[in-house]
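S.K.: Below are the structure tokens for one structure; questions will follow.
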Amino acid sequence: MEKAIEVKGLRKSFKDTEVLKGVDFEVKRGEIFALLGSNGAGKTTIVKILSTLLKHDGGIATVGGFDVSSKPDSVRQSISLTGQFAAVDEMLTGRENLIMIAKLRHLPHPSQVADDLLKRFGLTDAADRKASSYSGGMRRRLDIAMSLIGKPQLIFLDEPTTGLDPEARIETWKTVKELADGGTTVFLTTQYLDEAEQLADQIAILHEGRIIASGTLEELKKLFPPAKVEYVEKQPTLEEIFLAIIGKKEEM
Ligand SMILES: Nc1ncnc2c1ncn2[C@@H]1O[C@H](COP(=O)(O)OP(=O)(O)OP(=O)(O)O)[C@@H](O)[C@H]1O
Ligand SMILES: [Mg+2]
């Protein structure tokens with residue numbers, strides 16, 4: 001099984017608003033896949049459908065080879081979700097949050113699991129403080145640590161670095177790369193184009209209900225008209241490519 005996620009003709013409306021109008025993409029096992037899109041493009045909606053939290057209206061979505069509609073339990077067992085808004089329990093300490101999840105997942109040594117993750121995410125010193133006292137970056141790190149419990153094959157990270165300072169963003173990027181190196185498939189959404197540039201093996205741009213461009217960064221760069229004669233060759237940034245593609249579509 002090579003494909004971690006397969007989405008074909010995916011449609012979803014909320015009342016009269018059609019948010020997804022036939023979305024198609026595939027995510028290969030072990031890759032980092034970045035879904036880009038402006039506010040309200042439907043990124044979180046896709047994450048919710050793929051993680052079985054929301055039903056779609058049409059099309060097909062499979063995760064780990066399981067259909068999200070007919071095999072939601074199998075899908076849930078193979079994934080982990082870090083939502084756009086942290087799932088951390090503020091009243092518990094960092095360590096208690098981790099132990100709670102390890103117990104919920106029926107792991108044999110919950111304290112050991114918690115200690116290992118606290119160390120890995122630089123939270124050992126803050127381990128016994130209530131999460132309500134954590135900074136945004138610490139909370140995000142705890143959130144990601146929680147989502148790694150039980151070694152999921154596939155992890156969804158919905159805007160993992162929104163609101164983080166540059167240092168915490170770089171740290172999160174490092175973690176995501178390590179995860180992928182360890183064989184975990186990473187599906188991430190972001191509005192930060194440099195984040196996709198840094199991390200993603202494959203990038204897909206969601207705009208007005210459809211994937212309007214996808215490929216590696218190199219492939220997307222080719223869609224961008226090459227610069228005319230300049231003294232210094234300048235590579236387009238993903239931001240320029242993104243804006244050019246969206247602008248192009250709107251003219252059609
Ligand atoms: N439960 C809901 N009921 C009605 N409309 C919804 C619901 N959930 C999402 N929407 C609408 O669907 C559209 C897509 O929302 P979604 O949260 O998927 O966007 P997003 O790409 O994740 O945006 P952001 O970058 O702001 O997180 C928006 O117009 C939103 O208002
Ligand atoms: Mg969102």
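The values are calculated or read from the model by the stated rules, or taken from the named source; none is laboratory data. All values derive from a computational prediction rather than experimental measurement. We place every Cβ from the backbone using ideal geometry, glycine too, and count neighbours over all the protein chains shown. Ligands, DNA and RNA are excluded from the accessible area calculation, which covers all protein heavy atoms including side chains. Shrake-Rupley method; radii C 1.70, N 1.55, O 1.52, S 1.80 Å.
S.K.: Is the C-alpha gyration tensor of region 92-168 telling us rounded, prolate or oblate? Criteria: a/c under 1.5 is rounded; beyond that, a/b larger than b/c is prolate, otherwise oblate.
M.R.: oblate
S.K.: Still on this structure, I have one more. Under a point spin-label approximation (7 Å from Cα along Cα-to-Cβ), what is the Asp89-Ser70 distance to one decimal in nm?
M.R.: With each label placed 7 Å out from Cα toward Cβ, I get 3.7 nm.
S.K.: Over the chain, consider all pairs of different Cα atoms and compute the Kirkwood hydrodynamic radius from their mean reciprocal separation; express it in Å, one decimal.
M.R.: Final number for the Kirkwood radius of the chain is 19.1 Å.
S.K.: Rounded to whole Hz and in sequence order, give me ³J(HN,Hα) for region 16-24 from the Karplus expression 6.51 cos²θ - 1.76 cosθ + 1.60, θ = phi - 60°, writing x for Gly and Pro.
M.R.: Going residue by residue, I get 8, 8, 8, 8, 10, 10, x, 9, 10 Hz, with x marking Gly and Pro.
S.K.: Order these peptides, 141-147, 16-22, by their mean beta-carbon neighbour count within 10 angstrom, highest first.
M.R.: 141-147, 16-22
S.K.: Can you give the percent of C-alpha pairs in region 40-117 whose distance is more than 19 Å?
M.R.: 50 percent
S.K.: I would also like to ask the following. How much area per residue is accessible in region 23-114 when the probe is 1.4 Å and only protein heavy atoms are counted (Å²)?
M.R.: That works out to 50 Å² per residue.
S.K.: Further, regarding this structure: If you take the Cα Rg of region 104-252 and divide it by 2.2 N^0.38 Å, with N the number of residues, what do you get?
M.R.: 1.29
S.K.: If you don't mind, another one. With θ set to phi - 60° and the Karplus curve 6.51 cos²θ - 1.76 cosθ + 1.60, what are the ³J(HN,Hα) couplings of region 168-183 in order, to the nearest whole Hz, using x for Gly and Pro?
M.R.: After applying 6.51 cos²θ - 1.76 cosθ + 1.60, I find 5, 5, 4, 5, 5, 4, 4, 4, 4, 4, 4, 4, 5, 4, x, x Hz.
S.K.: Could you give me the percent of Cα pairs per 5 Å distance bin for region 1-146, shortest bin first, beginning at zero and ending with the bin that holds the maximum distance?
M.R.: 2, 9, 16, 17, 15, 14, 13, 9, 4, 1
S.K.: Please tell me which of these pairs span more than 22 angstrom C-alpha to C-alpha: Lys8/Lys55; Lys15/Lys48; Lys3/Lys43; Lys174/Lys221; Lys48/Lys119?
M.R.: Pairs exceeding the cut-off: Lys174/Lys221; Lys48/Lys119.
S.K.: What is the chain's relative contact order, in percent, from Cα pairs under 8 angstrom and six or more apart in sequence?
M.R.: Here the relative contact order equals 25 percent.
S.K.: Right, something else. Run the helix sum for the chain: -39,500 (n - 2.57) per DSSP H stretch of 4+ residues, divided by residue count, reported at 222 nm to the nearest 500 deg cm²/dmol.
M.R.: -11000 deg cm²/dmol
S.K.: Under the definition of Cα pairs under 8 Å and six or more residues apart, what whole-number percent is the relative contact order of region 73-186? Display every interim value, and only then the final one.
M.R.: On the way: 139 pairs, mean separation 39.7, N = 114.
Computed value for region 73-186: 35 percent relative contact order.
S.K.: Then there's this: Between Ile212 and Leu243, what is 0.36 nm times their sequence separation minus the Cα-Cα distance? Round to one decimal in nm.
M.R.: Working: separation 31, 0.36 × 31 = 11.16 nm, distance 1.19 nm.
Additional length available on full extension: 10.0 nm.
S.K.: A follow-up question, please. Give, rounded to the nearest 20 debye, the magnitude of the charge dipole that region 32-97 has about its Cα centre when Lys and Arg contribute +1 at Cβ and Asp and Glu contribute -1 at Cβ.
M.R.: 160 debye
S.K.: Now a separate question. Using the Karplus equation 6.51 cos²θ - 1.76 cosθ + 1.60 (θ = phi - 60°), what ³J(HN,Hα) coupling, rounded to whole Hz, does each residue of region 197-213 give in order, writing x for Gly and Pro?
M.R.: 4, 5, 9, 7, 7, 10, 10, 10, 10, 9, 8, 6, x, 9, 7, 9, 7
S.K.: Considering the convex hull of the alpha carbon atoms of region 143-184, report its projected area averaged over all viewing directions, in nm², one decimal. Write out the running numbers ahead of the final one.
M.R.: Details: hull surface 11.3 nm².
Projected area, direction-averaged: 2.8 nm².
S.K.: Points 7 angstrom from Cα along the Cβ direction at Thr162 and Asp116: gap in nanometres?
M.R.: The modelled label-to-label distance comes out at 3.1 nm.
S.K.: Check Val19: other-chain or 5+ apart residues with amide H under 5 Å from its amide H, H built from backbone geometry?
M.R.: Close amide H contacts, sequence-distant or interchain: Lys12, Ser13, Phe14.
S.K.: Continuing with this model, one more query. Can you list residues whose amide H is under 5 Å from His207's amide H, if they're 5+ apart or on another chain and H is modeled 1.01 Å from N?
M.R.: Amide H to amide H, under 5 Å and 5 or more residues apart or across chains, His207 pairs with Ile212.
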